[in-house]
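*Asks:* Below is the structure I would like to discuss, written out as C-alpha cells.
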Amino acid sequence: MKRIIALVSAIAIVILGLGVSFMSSLWASDWEDMFNDLASTEASKSSILEEGDAGNKIAVLNFEGTIQDTGATVGMFGSEGYNHELTIQALKDIAEDDTYSGVLLNVNSPGGGVYESAEIHKYLMAVKESGKTIYSSMGNMAASGGYYVSAPADQIFATDQTITGSIGVIMQSINYGQLAEEHGISFDTYKSGEMKDMMSPSREATEEEQEYIQSIVDTMFQDFVDVVAEGRGMTEDEVRAIADGRIYLGEEAIENGLVDQNGHFDDALAALKEELGGNPQVVEFDGGYNSSFPFGVQIKSAISDLFGGGEVRMVQELIDNRQGVQPMYLYE
C-alpha cells in the first residue's frame, strides 16, 4: 500500500513539474508574441460609450496608474496596466481624425516618467493644434506627471478629494557602501571617466556629481514649469510659487489656478458636450482587455500565485514604480 501511495505521489510530482515547465516555456515562446499581436489589434480599437453624431465625436482617453513605458503589452491573458504605446497611437489617431471635436482626459495617476510625460504633452499639443477642445477630469489623484499631462487642457475638473499638484522632478539613489564595508564587501570599479559611475550605490557622490545631477533635475523642472505656465496662462514666478513639490486638494488647486472647476467625470463630460454643441458621440480609447479573453487578468494572476509568482509580481511592481536614478515626474 505504501509503495502504491509513493508511486502515485511520484507521478503527481512529475506531472506537476511538466505542467510548470510547459507554462514557463509558453510564456517565453513565440506563442505569447503571437497572442500579443492579435490582442493588441483588438485593444487598439475604440469603443462607443454614448451614441450620437459620428461627425462630432468626443474621445475619452484614460490615464490609469503610473505613466511609464514599461513595455506593458496586451497579451493572451489580458491587459497589464498603462500602455504608453497605445496611448501615443490613440493621440495620433485623434489628431488626424476630423470627426473628433473634443477630447476628455480621464486622469487617475501619480505621474511617471519625464520622457513619457513629455511625449504625451507633445501629441496633446498636436491635438489642440488640429482644432480640438481638450478637457481633463482628475480622479483620486492627478499628481506630478498626472498634472503635467493635464496642463494643456482648456478646462480642468477636480473634486474636493482629488490629490493634485506635486509639481517637480525627483531622482534618487541608494548608498549601501557603509553596510557593505561592515560585512567585508568591497567593489572594484573600472571606468573610462571620473563620472561614469555617477549615482553608484557603493559610494557617496562627489560634490561635482551632486552639482551635475542637480543641474539635470533643474533643467527638467524648468520644462515642467514652462508647461504649466503655458497651459494655465500663468507667469513663471506664479508657477514656481506653488511648485515646491507639495500636493493640493481640489479646492485649493482651484484657488491657486491649477484647476478650473469642481466636478467629477460626468460633470466634465457634460460641460464639454455643451461647449461643442449638438449631440456628440462619445468614444473611449482604453487599451483594455482583449474581448476574446474577458477573464484574462484574473487567470494570469491566479496562475502566477499558484506557481509562486505572487511575490515576484509584487517586487516587479515596486521596481516599475520606483523613484530611482531615472528622473521622474512622480508622487508616491
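The values are calculated or read from the model by the stated rules, or taken from the named source; none is laboratory data. Just so it is clear, the model here is predicted, and its values are computed rather than measured. Quick reminder, even Gly has a Cβ in these numbers, built from the backbone with ideal geometry, and neighbours come from all protein chains shown. The protein model used for the area step is the full one, side chains on, heavy atoms only, and it has no ligands, DNA or RNA in it. Shrake-Rupley method; radii C 1.70, N 1.55, O 1.52, S 1.80 Å.
*Asks:* Take the residues in the range 146-169 that are within 18 Å of the chain's Cα centre (by Cα) and over 15 Å from residue 227 (Cβ atoms), then tell me which one is least open to solvent (accessible area, probe 1.4 Å).
*Replies:* So the residue we want is 162.
*Asks:* Still on this model: Name the residue, out of 217, 225, that is in a helix (DSSP H, G or I), free of Cβ contacts under 8 Å to residues at least 60 places away in the same chain, open to solvent by less than 40 Å² (accessible area, probe 1.4 Å) and within 23 Å of residue 327 (Cβ to Cβ).
*Replies:* Only one candidate passes the filter, namely 225.
*Asks:* Out of the residues in the range 120-173 meeting the condition of being β-branched (Val, Ile, Thr) and assigned to a helix (DSSP H, G or I), tell me which one is farthest from residue 243 (Cα to Cα).
*Replies:* 127
*Asks:* If you don't mind, there's one more thing I want to ask. Out of all the residues in the range 77-120, which are modelled with pLDDT of 95 or more, within 11 Å of the chain's Cα centre (by Cα) and open to solvent by 30 Å² or more (accessible area, probe 1.4 Å)?
*Replies:* The one that is modelled with pLDDT of 95 or more, within 11 Å of the chain's Cα centre (by Cα) and open to solvent by 30 Å² or more (accessible area, probe 1.4 Å): 108.
*Asks:* For residues in the range 228-278 being in a loop (DSSP other than H, G, I, E, B) and of a type in the set (Asp, Glu), which is surrounded by the most Cβ atoms within 10 Å (Cβ to Cβ)?
*Replies:* Here the residue is 260.
*Asks:* Still on this model: Can you pull out every residue in the range 188-214 that is in a helix (DSSP H, G or I) and open to solvent by less than 60 Å² (accessible area, probe 1.4 Å)?
*Replies:* If the condition is that a residue be in a helix (DSSP H, G or I) and open to solvent by less than 60 Å² (accessible area, probe 1.4 Å), then 209, 213 are the ones that fit.
*Asks:* If you don't mind, there's one more thing I want to ask. Looking at 138, 199, can you tell me which residue is farther than 29 Å from residue 281 by Cα and either touching a Leu at 6+ places or on another chain (Cβ under 8 Å) or among the aliphatic types (A, V, I, L, M) (or both)?
*Replies:* Of 138, 199, the one residue that is farther than 29 Å from residue 281 by Cα and either touching a Leu at 6+ places or on another chain (Cβ under 8 Å) or among the aliphatic types (A, V, I, L, M) (or both) is 199.
*Asks:* Additional query: With respect to residue 143, is the statement that it is touching a helix residue (DSSP H, G or I) at 6+ places or on another chain (Cβ under 9 Å) and surrounded by 12 or more Cβ atoms within 10 Å (Cβ to Cβ) true?
*Replies:* no
*Asks:* Ok, one more. Given 136, 186, 173, which one is in contact with a Ser or Thr (Cβ under 6 Å, 6 or more places away or on another chain) and among the small types (Gly, Ala, Ser)? Quick ask: steps written out before the conclusion?
*Replies:* Numbers: 186 fails: in contact with a Ser or Thr (Cβ under 6 Å, 6 or more places away or on another chain); 173 fails: in contact with a Ser or Thr (Cβ under 6 Å, 6 or more places away or on another chain).
Result: 136 is the single residue among 136, 186, 173 that is in contact with a Ser or Thr (Cβ under 6 Å, 6 or more places away or on another chain) and among the small types (Gly, Ala, Ser).
*Asks:* Of the residues 161, 210, which is modelled with pLDDT of 90 or more and within 30 Å of residue 63 (Cα to Cα)?
*Replies:* Every option except 161 fails the conditions.
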